[in-house]
1. Do we find a residue being at pLDDT below 95 and not in a helix (DSSP H, G or I) anywhere in the stretch 75-88?
2. Given the criteria in contact with a Cys (Cβ under 6 Å, 6 or more places away or on another chain) and part of a helix (DSSP H, G or I), does Leu273 qualify?
3. Got at least one residue in the stretch 278-295 being surrounded by fewer than 16 Cβ atoms within 10 Å (Cβ to Cβ), in a loop (DSSP other than H, G, I, E, B), out of contact with any Ser or Thr (no Cβ under 9 Å at 6 or more places or on another chain) and on the phi > 0 side of the Ramachandran plot?
4. Here are Ala88, Ala132: which of them is assigned by TED's automatic domain parsing to the domain that holds Pro48, surrounded by fewer than 19 Cβ atoms within 10 Å (Cβ to Cβ), free of Cβ contacts under 8 Å to residues at least 24 places away in the same chain and hydrophobic (A, V, I, L, M, F, W, C)?
5. Please verify whether the stretch 166-180 includes one or more residues that are closer than 30 Å to His296 by Cβ, part of a helix (DSSP H, G or I) and either touching a residue at least 40 places away in the same chain (Cβ under 8 Å) or not polar (S, T, N, Q) (or both).
6. Looking at the stretch 25-48, which of its residues are touching a strand residue (DSSP E or B) at 6+ places or on another chain (Cβ under 6 Å) and in contact (Cβ under 8 Å) with a residue 60 or more places away in the chain?
7. With the checklist (1) of a type outside the set (A, V, I, L, M); (2) surrounded by fewer than 16 Cβ atoms within 10 Å (Cβ to Cβ); (3) out of contact with any helix residue (DSSP H, G or I) (no Cβ under 7 Å at 6 or more places or on another chain) in hand, flag the one item Thr247 doesn't pass.
8. Please specify each residue of the stretch 102-134 satisfying the condition of being hydrophobic (A, V, I, L, M, F, W, C), within 24 Å of Ala17 (Cα to Cα) and either assigned to a helix (DSSP H, G or I) or out of contact with any strand residue (DSSP E or B) (no Cβ under 7 Å at 6 or more places or on another chain) (or both).
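The values are calculated or read from the model by the stated rules, or taken from the named source; none is laboratory data. Not measured: the values here are computed from a predicted model. So basically every Cβ, Gly included, is an ideal-geometry build from the backbone, and we count neighbours across all protein chains shown.
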Amino acid sequence: MRVLVIGAGALGGYYGACLVRAGRDVTFLVRPARAEQLRRNGLQVVSPHGDFAVRPKILLASDLREPFDVVLVGVKAYSLDDAMSQFAAAIGPNTMILPILNGLKHLDALTTRFGAARVLGGLANVSAGLDADSRVVQFMANQTIVFGEIDGTLSERALALETLLQVPGIDVRASEAIMQDMWEKFVQLSTLAGITCLMRASIGDILAVPNGEQSIFRLFAECCTVATASGFEPRAPFIEFDRKLFTTLDSPLKASMLRDIERGSITEADHILGDMANRARTLSIDTPLLDLARAHVAAYEIGRRRAEG
């Protein structure tokens with residue numbers, strides 16, 4: 001299968017590079033500046049599992065002429081509209097679109113634009129970013145992709161895609177409950193982003209202050225309530241995993257949204273905190289801590305835009 005990876009940032013760059021290294025037929029759709037970097041230096045990955053570099057095939061949107069079998073979408077949520085216009089020519093009758101964005105809101109945008117039959121559900125668990133030299137840096141050893149049909153069937157195409165993605169550096173699983181999986185990730189990320197952005201601190205530092213742990217789990221409970229009311233009650237193993245995640249003393253864990261704030265960048269706040277809060281309002285669920293976190297990051301965005309003029 002021919003794979004088109006949208007972008008070569010942290011998500012697309014990491015997973016795409018692993019696929020190229022394993023000999024899969026992968027092309028990256030990138031902007032001109034990134035294309036020049038990749039031509040000059042290759043796609044470099046710095047990883048706890050061992051550093052490596054590949055020489056990827058690249059395309060600009062203006063050169064995209066034919067459909068691909070798989071389109072892997074890992075852009076930031078605020079870039080999705082522009083990205084959809086850029087990769088539209090890659091979507092054929094049998095193309096699978098695999099988004100690994102955070103949250104849920106993007107599914108509506110993709111299905112509206114390209115049709116529900118082409119869109120899979122998906123999520124990625126990898127801690128990565130680009131460094132000053134535009135290398136993909138994997139901060140932690142996790143590297144999972146979970147995906148599946150929105151209706152929960154385990155289709156032949158999903159199994160074929162699972163086989164395609166089974167390469168060193170990617171822990172992949174085709175799921176028969178991808179919406180449940182995505183909702184649980186949505187709850188986890190909303191909690192992590194909400195509390196670390198609100199406190200401007202890591203989980204370990206929040207746990208070290210009075211009422212820090214209680215604040216984390218107050219927000220976690222609000223998000224779990226929204227998920228449950230939406231028909232996706234978080235499962236016991238997820239609750240137990242997150243309880244350990246959010247009670248690890250001295251943990252340096254912070255949301256990528258907070259890292260965006262720390263470097264003065266645009267955030268995915270509307271796609272994550274805003275969407276969770278809006279769903280709560282629709283369901284008449286009171287979420288005071290979530291609302292405060294949303295307002296906090298929204299105020300940051302107003303100031304950032306004003307500073308940019």
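1. Looking through the stretch 75-88, at least one residue is at pLDDT below 95 and not in a helix (DSSP H, G or I).
2. Taking the combined requirement at face value, the residue does not satisfy it.
3. Looking for residues that are surrounded by fewer than 16 Cβ atoms within 10 Å (Cβ to Cβ), in a loop (DSSP other than H, G, I, E, B), out of contact with any Ser or Thr (no Cβ under 9 Å at 6 or more places or on another chain) and on the phi > 0 side of the Ramachandran plot, one finds at least one in the stretch 278-295, hence yes.
4. Going through Ala88, Ala132 in turn, just one is assigned by TED's automatic domain parsing to the domain that holds Pro48, surrounded by fewer than 19 Cβ atoms within 10 Å (Cβ to Cβ), free of Cβ contacts under 8 Å to residues at least 24 places away in the same chain and hydrophobic (A, V, I, L, M, F, W, C): Ala132.
5. Taking every residue of the stretch 166-180 in turn, at least one turns out to be closer than 30 Å to His296 by Cβ, part of a helix (DSSP H, G or I) and either touching a residue at least 40 places away in the same chain (Cβ under 8 Å) or not polar (S, T, N, Q) (or both).
6. Answer for the stretch 25-48, where residues must be touching a strand residue (DSSP E or B) at 6+ places or on another chain (Cβ under 6 Å) and in contact (Cβ under 8 Å) with a residue 60 or more places away in the chain: Leu29, Leu43, Gln44, Val45, Val46, Ser47, Pro48.
7. (3)
8. Ala132
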